[in-house]
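Where a number appears in this text, it was derived from the coordinates with a stated rule and is not lab data. Note that the coordinates shown come from a computational prediction; the quantities given were computed from them, not determined experimentally. Counting neighbours? That spans all protein chains shown, and the Cβs are built from the backbone with ideal geometry, glycine included.
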């Protein structure tokens, strides 16, 4: 498929360009806050993009995706606490543990469909939440402060705001590119086919759940990377990272931007977190405005923001 | 296995499947010989689709056995049966609605071209998959509709696409569940002509209500009533069978008129 010039692609390219140039703007204006905000946004965009892989392309409505943010974060935090500061160890461990968790949870959850799948993924994430709450050696409920960010042997300094931002951005672009390749590959075709009509896919010879499970693991692993980034960003990890409302936020980001659109979750995350930031400056009841706003978008903008842009460019 | 070559391609023995108190398949036995077009007919509720679903593995029997190409497949999941060369078309169109016609067929070809744990190369650019899809679409007369979304195809085109998808899995046995359902007169005629071509290449089990089509196509006909086989034989034997006439009392004229 050739890339088409339409509104959604143009917007995606513009947003990517703005994200890339953001540190320059921040340096020129001395606005450090915007860089901090967008570091967080970029990390959550990676998490949302990973969720979109299973939710938008795979039709698996996981309501427990924040668990991977916590698992990736705790892998970094616990290793740092135990004196292992090298990112070359911390990050692969974060990915491996996330993958393993996704494999076990996926193998169990994927026996169910629909609402049951939503509830069981939620239940497992809450279990992870309570397990980490019980880790008294690592701060329990109060969480764990990370005193030193991951050390990459001088290759990159994560304590440098701009360098860390670009690392996060590279992970996001890398993640989105990877998802793009996957979605268009043989594997991706099968996963999307199963979303469209599982019975048909079985009938022509695909073991649907095997492909679903692998997709689930890939998604969880990418989100685990976002978790490792997030822990480094906040220098802190706590059970609250994987609370169910956080999983809900991720789902909203995906739906807002456009499920099954490659760049949609990135846009959705930006809109969600910027709105949250702006509204919370006016009132502490910002959720009262945010809620109905989201409702309107879901009700009237089928396919999220990217869906609307796509229709505009066809009109 | 030499004896599998000589024997029937599909052998069903004493198959039973109940739903609650109702026996939808009642001690049913059936042989399908290689190279034949074997039609299964029967009044509504005779258990035809239930039988097909057990043959393809969407539904498991309570007891009995199914052998395919000399191998027992009674408990195999449907994706494995497809790998062995058993393909079905669905009575109620069952395609991937948000994919193009070509995608639907290419996926069927892909399913029989090694595993699909390939994450990098673009599947839609793989020439041999696209060529296989185009070939199957051409067979059923849909070549020019390759890039149309399934949800935008007409009902008749979707029925033809069902067939193309089944063909793309290179089956040894095609199970066709009412391929003529809901088709107009010209579309039906086209489907019959198509099946006449296909029966030369592949063994077919055809479930169909359209008696004219059945008697025009079948080498052998099996009649089901309440999940049981009441008659099995060549079209002439079935046409003159008294028990069949009685079972089809309402539709009797259809059976007889063709003679």
Å³ per residue enclosed by the Cα convex hull of chain A:
149 Å³
Sequence gap at least 6, Cα distance under 8 Å: using those rules, report the relative contact order of the stretch A:129-276 to the nearest whole percent.
29 percent
For the stretch A:190-272 the translational diffusion coefficient, Stokes-Einstein from a Kirkwood Rh over Cα pairs at 10 °C and viscosity 1.306 mPa s, in µm²/s, is roughly 107 µm²/s
If you bin the C-alpha pair distances of chain B every 10 Å from 0, what whole percents do you get?
7, 30, 35, 22, 6, 1, 0
What is the order of A:39, B:240, A:29, fewest Cβ neighbours within 10 Å to most?
A:29, B:240, A:39
Using the alpha-carbon atoms, what tilt in degrees (0 to 90, nearest 10) does helix B:127-140 show relative to the longest principal axis of chain B?
40 degrees
Sorted by Cβ density within 10 Å, fewest first, the residues A:91, B:75, A:286:
B:75, A:286, A:91
Rg (one decimal) and Dmax (whole number) from the Cα set of the stretch B:146-229, in Å, equal 13.5, 44
Remind me, relative contact order of the stretch B:98-170 in percent, using alpha carbon pairs under 8 angstrom and six or more residues apart?
49 percent
For the stretch B:43-90 and the stretch B:166-213, what is the centre-to-centre distance using only Cα atoms, to the nearest Å?
18 Å
Just to check, using Stokes-Einstein with a Kirkwood Rh over alpha carbon pairs, what's the diffusion coefficient of the stretch A:112-193 at 20 °C and 1.002 mPa s in µm²/s?
127 µm²/s
Starting from the Kirkwood radius over alpha-carbon pairs of the protein assembly as shown, derive D by Stokes-Einstein at 25 °C in a medium of 0.890 mPa s and give it in µm² s⁻¹.
92 µm²/s
Given springs between every Cα pair under 10 Å in a Gaussian network model of chain A, which of A:234, A:145, A:283 has the largest fluctuation?
A:283
Relative to the longest principal Cα axis of chain B, at what angle does helix B:185-198 sit, 0 to 90 degrees, rounded to 10?
80 degrees
Exposure proxy check: A:20, B:100 ranked by fewest other beta carbons within 10 Å?
A:20, B:100
Taking Cα pairs under 8 Å and at least six residues apart, what relative contact order does chain A come out at, in percent?
33 percent
What list of whole percents do you get for P(r) of the stretch A:251-306, with Cα-Cα distances grouped in 5 Å bins up to the one holding the largest distance?
5, 23, 27, 23, 14, 6, 1
Give the angle, between 0 and 90 degrees and rounded to the nearest 10, that separates the Cα long axis of helix B:155-168 from the longest principal axis of the Cα atoms of chain B.
80 degrees
Per-residue ellipticity at 222 nm attributable to helices in chain A (runs of n ≥ 4 DSSP H, -39500 (n - 2.57) apiece, nearest 500 deg cm²/dmol) works out to -24500 deg cm²/dmol
Bin by bin, in steps of 10 Å, what percent of the Cα pairs in the stretch B:98-170 do you find, going until the bin that has the longest distance?
23, 55, 21, 2
